[in-house]
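Let me begin by presenting the structure, written as structure tokens, before commenting on it.
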Amino acid sequence: MPIIEQLSHTDLERLALDRVVPALLTHGFYFVDGLLGEVAGGAVLDEVKEMHGSGALHDGRLAGSAPGVHRRSIRGDKTAWVSGSERGCEAIGFLLNLIDRLISVCAGRLGNKMIRERSQAMVACYPGNGAGYVKHVDNPNGDGRRLTCIYYLNKNWNVKEHGGVLRIFPEGKAYVADIKPLFDRLLVFWSDRRNPHEVQPSFSTRYAITVWYFDSEERAEAKRRFKTVTAAAHSRTPAPPDCEKTLPPGV
């Protein structure tokens, strides 16, 4: 995969149109290395480490799991949701702005889907005790999530020693794709049933930041469905995350 030293307007447009869009349409996923560079990427890592060290990360939430199933048997990460505008999250905000710009260029070339909003950022840490996340689909039931973007923050990561690979099982393909969670790497893939995936056990502290981009029509319908649920506390249908941002105009 290419190394991007600087993402100017032209670089970003070329990356989106020449590489990300064709790869998504053909393979369903794409990753790029060197997204921010050592200095800016290091600043994001420092902010995430500060959040972790201050106790801001909490056990990742499970949606609709079966009774009696222990959370840690499914996912072992600790997470926090941020907008990027909080004090101490300036570098994260810079990262999110760049990803927004990239996806806004891609959006109009990905079929007839209207990608206009995204979630807040989920900052995640697997603490290195063998925790992972079992095979799952981000959006199995039409909650509006269209694209998953994961930015990795792990320097000197050795897969044989540390594990932590994200394995994608592309629908209808005879192969799997193993993505190493390397520092300053951005992974983009379809959030729906085309890309079941798992996080394999991690034996060193593993950091990542994830955002989801929504198809506007599907998202609106998911919200309408949720509003009709009269006994939400007893329903196994999770509320769509109410943490969205409208994307900027195409760059």
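Numbers for the structure displayed
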read-out	value
Selection from segment 122-159 of residues that are of a type in the set (A, V, I, L, M, F, W, C), part of a loop (DSSP other than H, G, I, E, B) and open to solvent by less than 20 Å² (accessible area, probe 1.4 Å)	131, 153
Residue under evaluation residue 65, criteria (1) loosely packed, with under 14 Cβ neighbours inside 10 Å; (2) polar (S, T, N, Q); (3) at pLDDT below 95, criterion not met	(1)
Matching helices (runs of 4 or more DSSP H) fully within segment 3-53 where at least 1 residues are at pLDDT 95 or above and of a type in the set (A, V, I, L, M)	21-26, 38-53
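The values are calculated or read from the model by the stated rules, or taken from the named source; none is laboratory data. Owing to the predicted nature of the structure, the values given are computational and were not obtained by experimental measurement. Neighbour counts are summed over all protein chains in view; Cβ atoms, including those assigned to glycine, are modelled from backbone coordinates with ideal geometry. Protein only, heavy atoms only, side chains kept; ligands, DNA and RNA dropped before computing areas. Shrake-Rupley method; radii C 1.70, N 1.55, O 1.52, S 1.80 Å.
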